[in-house]
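Read through the structure below, which is laid out as structure tokens, and then see the notes.
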Amino acid sequence: MVVYSSEELREKIKQIGTFERFNGGIFKQLVEKILVDGNKATSVFNDMIKETKIVK
């Protein structure tokens, strides 16, 4: 597992740009895990930033 600082993560995302379809390799580089609790999904990024979203 590679752990990036927040700034390194932002730079990595800039380098990657956008893409049309899901790319599992890039996803694995950016996200450490996703935690699901009921209708909430929390993404834990490699720099340990967490983002929670309500899912339907």
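The values are calculated or read from the model by the stated rules, or taken from the named source; none is laboratory data. What you are looking at is a predicted structure, and each value in this text was computed from that prediction instead of being measured. For neighbour counting, all protein chains shown are included, and Cβ atoms are generated from backbone atoms with ideal geometry for every residue, glycine included.
Here region 45-56 is the region considered, the condition is being under 17 Å from LEU9 (Cα atoms) and not basic (Lys, Arg), and the residue that is surrounded by the most Cβ atoms within 10 Å (Cβ to Cβ) is ASN46.
A search for C-beta distances below 9 Å between a residue of region 20-42 that is closer than 10 Å to ILE54 by Cα and without any contact (Cβ under 8 Å) to a residue 60 or more places away in the chain and any residue that is not in a strand (DSSP E or B) and not aliphatic (A, V, I, L, M), counting only pairs 6+ apart in sequence or on different chains, returns ASN39/LYS56. The condition (being modelled with pLDDT under 90, surrounded by fewer than 11 Cβ atoms within 10 Å (Cβ to Cβ) and in a helix (DSSP H, G or I)) is satisfied by just one residue among LYS28, LYS14: LYS14.
Can you go through ASP47, ASP37 and tell me which one is charged (D, E, K, R) and at pLDDT below 90? ASP47 is the lone residue from the list that is charged (D, E, K, R) and at pLDDT below 90. In this structure, THR42 qualifies as on the phi < 0 side of the Ramachandran plot and surrounded by 12 or more Cβ atoms within 10 Å (Cβ to Cβ).
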